[in-house]
Structure formats: C-alpha cells, structure tokens
1. Looking at segment A:457-472, can you tell me whether even one residue there is within 28 Å of A:Ala422 (Cβ to Cβ) and within 12 Å of RNA strand B (Cβ to nearest atom)?
2. Those residues that are part of a helix (DSSP H, G or I), at pLDDT below 85 and among the charged types (D, E, K, R), I need them from segment A:428-465; list them, please.
3. Only residues in segment A:137-161 that are touching a residue at least 60 places away in the same chain (Cβ under 8 Å) count as the first member; pair them with residues that are of a type in the set (Phe, Trp, Tyr), Cβ under 7 angstrom, at least 6 apart or cross-chain, and list the lot.
4. From the set of residues in segment A:505-531 that are open to solvent by 20 Å² or more (accessible area, probe 1.4 Å) and away from RNA strand B (no atom under 14 Å from the Cβ), which is nearest to A:Thr421 (Cα to Cα)?
5. Scan segment A:84-106 and give yes if some residue there is in a strand (DSSP E or B) and under 23 Å from A:Thr61 (Cα atoms), otherwise no.
6. Given the options A:Ser374, A:Ser367, name the one that is within 9 Å of RNA strand B (Cβ to nearest atom) and hydroxyl-bearing (Ser, Thr, Tyr).
7. Please work out which one of (1) more than 16 Å from RNA strand B (Cβ to nearest atom); (2) closer than 17 Å to A:Val326 by Cβ; (3) in contact with a strand residue (DSSP E or B) (Cβ under 6 Å, 6 or more places away or on another chain) is the condition A:Leu55 fails and give its number.
8. Name the one entry in A:Gln452, A:Gln502 that is under 26 Å from A:Leu407 (Cα atoms), open to solvent by 20 Å² or more (accessible area, probe 1.4 Å) and not hydrophobic (A, V, I, L, M, F, W, C).
Amino acid sequence: MLILESPGNFRHRGAMSTQPRVRFAPSPTGQVHIGNIRAAIFNYLFARSQKGSFLLRVEDTDLERSTPEAIDGLMEVLEWLCLMPDEEPLFQSSQRGAHLTAAERLIADGHAYRHARTADEQPAVFFRIPCDAALYGDRLRVTETVEMPLFAGETLRMDATGISYVGVSRKGKPDPGASCLAGMADGVVYGAGDAVLFSLKDSLAAVLAGETVFESAEAVRIVFTRREIGFEDLVKGPLAKPLDSMKDLVIVRGDGSPVFHLANVCDDMTQGITHIIRGDDHVENTYRHIPLFLALGGTVPVYAHLPMIVNAQGKPYSKRDGDAFVGDFRAKGYLPEALFNYLTLLGWSPGDDREKMNRDELIAAFSLERVQRSAAQMDLQKCANLNGKYLQDLPDGVLFADVRDVLSRTEWGAALDEERTAAIATLMRPRMQTYADVLDWRYFVDGDFERQDTALKRGLGKAWQREAMAKIADALEAGASMDAARSAACAALELDDGKLNQPLRVCLTGQAGGPDLHEVLALLDPATLAARIRGTLDLLNAE
RNA sequence: GCCCCCAUCGUCUAGUGGCCUAGGACUUCGGGUUUUCAUCCCGGCAACAGGGGUUCGAGUCCCCUUGGGGGUGCCA
C-alpha cells in the first residue's frame, strides 16, 4: 500500500513553493509620494490576495540624499496606512558587500568587464548583455534580418565593449548609434561592392576576449539578425525590445560603488522576490534586469508595471508638486482607509460599480490583470468625497475623538468640552468631507469667525435684509426670544416666513450654507446673538 | 534622432466583436422635500483622438497618423 505524506505537510510544501513574495522598494529621499505609496498598496494587495508576503526594502544607497528623517517618515506613512511589511526591512546599504561580490562573479564568468571610457576616468564594471541565446531560453526571439546602411566615411567599431557606428537617418543625415555585441552577434560588415569586411559571427569569441578589434571607415552596411528580449507583463501583456537598441551597462562605478541596477537585482534575489510590481517608468530597466538575473543564476521574477499617477496638469508628479505627499493627506484630515481606498481606484477597478470598499473587499477583488494600462490623474474632489463617505460610517466615539484632536490644535477650539463637541460634530457630520472642515466651525464657539464675501453679498446685499437684521437685534436686546424677534421683523416688513433665515445665517455664521438654522441656533449662546448681528452689520457699514 | 509604452465623458472608470441609441462615480446644472441651508432623492449636460482596413457586424481585432508618457546616465 502506498503511504502518502500527511496531507498537512503536503499542502504546506505546495504552498511554500508557490507563495509569492513581493516588495516595496522606495529610496528614502524626501517625503513619500502618492505614486510611490500606490505601488506599495498594489504590492500589498497582491501579496494578501495571493497569500504571499509583502516585504520592504529601503534603497538607501544614495547616502547624500537618504536621511534618517526620510526613513522615519517612510515608516510613519506605512504604519498610518497599515502597510507594515511581513518581514524585517532590508536596507540596501547593508548589502554593498554582496553587490560587489556579485559583480566580481560576473566578471569571473565573463558576464562583465572593467572598462574606462576615457583615459582620465576610473574604470567601471560593465555588465555585458549576454550574447548566448541559450541563456535567455524563450525570452529571446528572432524577429527579422536587418540590413543597416552606414554613413559613408564614418567609423564603425566593434570591440569587447560593443559596437559603435553611424547609420543613415530617414533624411539621409548621419545617425550615430551603438549596440551591445549581443544585439548584432551574427553581424556581417560589408564594404563597397559587397565585399565582406568583417564577420562578427566568426570572430565573436575573439572580440569578446578583447583579442580582436575591428575598426573601419570603409564599411557600407551591416547585416544582422535582429533578436529581441521579451517578457510577459502581468499588466501590459507581452513586451519586447530589440537587443541592438541596448548597450552594456555600468553596474559598479569607477569609485567602487554599486549602481542601482546591480543592487536592485541582487537584493531581489536575496529577498527571494517572485513578483516585481512597480511603476511603469521601470519597464526599460526590466529589459536589462532580466539578463542580469540570468547571468547571476537567479530566477527571473514575474513583472507587473503599474501606470503612473499624474498631476492636475497631466504631467508626472515631480518633487515640486504639492498635493502629492502622503503626509499632507494625513495633515489635511483624510482617513487612511479612505486614502487607501481611493488610491486603489486609480488605475484599477473591481470590474463592477463598487467604489467604497474596505480592505478585505479590496483584497478579495484585487487582480493585476484588472490594472489599467494608462496613466491616471488624481481627482482631489473625488478623493475628498470618498473620505466623506468613510466619515459618515465612523463610530461616534472615533469621530468625536478625531474632531477633538483637530480642535485641540486651534486656539479657539481647544477648550471646547466633550459634550458640546459631540453635539456639534453630530450636527455637522453629514456634510463633512475631511477633518479640515472642522476649521470652519468657529462660529459655534465665538464671534471671531470669518465672514465670507459671497455669503455677505447673498444674505445681506439688499437694504431690507440689513434693516430686518437691525430690527431683530433691537428686539433681542429688548429681551425678546429669537423666534419672537424674527416673527416680529417678518410681520413689520411684510415678509414671508423664512425670508429672514438666510440673512440671519450669514450674520450668525458668516457662511451661506450649513445645517438647519434652528439646530445651529440651538447650539449658540442666546446672549451673544444680538452682538453677532450688530457686528456683521457694522462690518458691512464700515466698507 | 532611435527604442519602448499608452489613448472611452473635464476627472476616475465599466466595456475582452452583436446585451452600447456606451453604464457607474466625482464635478457641474436642474427639480423634489424644506420657514432657510444642507444632507437626501430624482433628473439633465458630457466621451469611444483622427483615418484606413478585417468582419454580416468594431469602443472592442489589425495598420497608419496625431497626441501623451517613459527610456536612451559611472540617477534611482
């Protein structure tokens, strides 16, 4: 009888081998950007939806710009949005030794070489895009035979570092170009009269070894088989790029410091990353990183490139753009779950009409296949609107505490007691979008609130409106109730009930809108009403 | 210049050849309830970039043009 492993064990092993590992890899230079954090969110959502791990790597190798403050800011933001990584973060700066070892190994394996482009430069380490098709497997595809005309009299050079040439542009002008050796590995150079000047195919080994250098100004054309490197992007579908449009790249600088490409790939290998989900400004890098993974003996991860988030002008966010830092949203009174939700909706949708979705719903609905291919623009109004919906659903206790917190930072609201805060917040909640709205609530506290020009114009622009307000103030001062005072004024001026509500609102709140006036009145100190009306009228008279 | 990518209302999006006289959301406008204001409810305006194909049939597939973005760094 066949004895199977215990089902538990078996399942566990299966899960281990397919468990995705993703990472968020920001460089901590300055504040965390909305675009960056969106990448983190999508990584997180993917990890959770696939029962995988969400890791953090701090790419802090730019010691000039990477500051401890920036790292703190990063962690704060991740915590605020509940995006904490599942394992200890890896600091890239700690991996320098590993990076350099990897570079040495690449050199030893013939995948990299030391080279100085000019005499006064320190030699750097260049990664050689591999020529050997076998290394790429099905990632390399032959597309066509290219016959490239060369500009007469210009020099063509082939050496261990690649090929430089001057082609002919569509307009017949000289068009300088360069390619890695892999791009034209079977190239044949022809001179005048179809004479073969050089065959790279036949001499490739010698050229790679640096034993042969071909240089000529007599070359007329070069013929080679175009090969392109491709991969299946989970968002964008099949993507490919011709090797002859690529050049060998520096992986260790002349000063001995590892370059992003090397560090990034090495770290992905040491962290065991299976899926790389990042902004689509990285697609070009992918064509170079794949050969690097291959040359390093690593497993090439699966890629998914997210579209960019652009600013109100439709341009990619730059460091200069305001409105783009995650910390600002926190300061402006956004709820983390609302911002999180809104950001998932930028470049992604669940496929149905749902918009307000909690984290579990988002995890359940998320898939990279549904990510948009084109850039998305942030709509602050829609974001605020969604935040408002989250505010409506907040338990009273949480809302009140948050409101008190905002109030505590104002000079006028710090002393407001709990009961009154709760009453005001309850009244105001349905119209709230962000906690920044609380800053407009001063009229509940004292008379030093801001009077909006448009409101003054609308509510008190006419003479009869001001006249009526003066009458109400008179009556109030004579001891009448607000109801009585207003009724009397309406009667005296032969106005319909309610005609005076708007002017009154403006006098008492400085705003044209707000909750039901009676409810506002109920929260105001009756003793100060007349004074507020007088104050507003005086303000108008003074102008 | 060369290489790569992208393209539905102002914005975020649904749409994977017939269910599309293109749906939802935000914004905006109008209406209803309302002694005012707002929440709310109802309704309107508003898009397949342009041109060619393929097909009985195209927003959906192909090509070109235009526009936008990215890359082409000893930046990340």
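1. No, segment A:457-472 contains no residue that is within 28 Å of A:Ala422 (Cβ to Cβ) and within 12 Å of RNA strand B (Cβ to nearest atom).
2. Answer for segment A:428-465, where residues must be part of a helix (DSSP H, G or I), at pLDDT below 85 and among the charged types (D, E, K, R): A:Asp453, A:Lys457, A:Arg458.
3. A:Arg139/A:Phe231; A:Val146/A:Phe224; A:Leu150/A:Tyr165; A:Leu156/A:Tyr165; A:Thr161/A:Phe126
4. So, considering only residues that are open to solvent by 20 Å² or more (accessible area, probe 1.4 Å) and away from RNA strand B (no atom under 14 Å from the Cβ), the one nearest to A:Thr421 (Cα to Cα) is A:Asp525.
5. Within segment A:84-106 (the criterion being in a strand (DSSP E or B) and under 23 Å from A:Thr61 (Cα atoms)), the answer is yes, since at least one residue qualifies.
6. Step by step, each of A:Ser374, A:Ser367 is checked, and only A:Ser374 is within 9 Å of RNA strand B (Cβ to nearest atom) and hydroxyl-bearing (Ser, Thr, Tyr).
7. Only one criterion in (1) more than 16 Å from RNA strand B (Cβ to nearest atom); (2) closer than 17 Å to A:Val326 by Cβ; (3) in contact with a strand residue (DSSP E or B) (Cβ under 6 Å, 6 or more places away or on another chain) is unmet by A:Leu55, namely (2).
8. Just one listed residue meets the conditions, A:Gln452.
The values are calculated or read from the model by the stated rules, or taken from the named source; none is laboratory data. All values reported here derive from a predicted model rather than from experimental measurement. Virtual Cβ from ideal backbone geometry, glycine too; neighbours counted across all protein chains shown. For the accessible areas, the whole protein counts, side chains as well, though only heavy atoms, and no ligand, DNA or RNA atoms are used. Shrake-Rupley method; radii C 1.70, N 1.55, O 1.52, S 1.80 Å.
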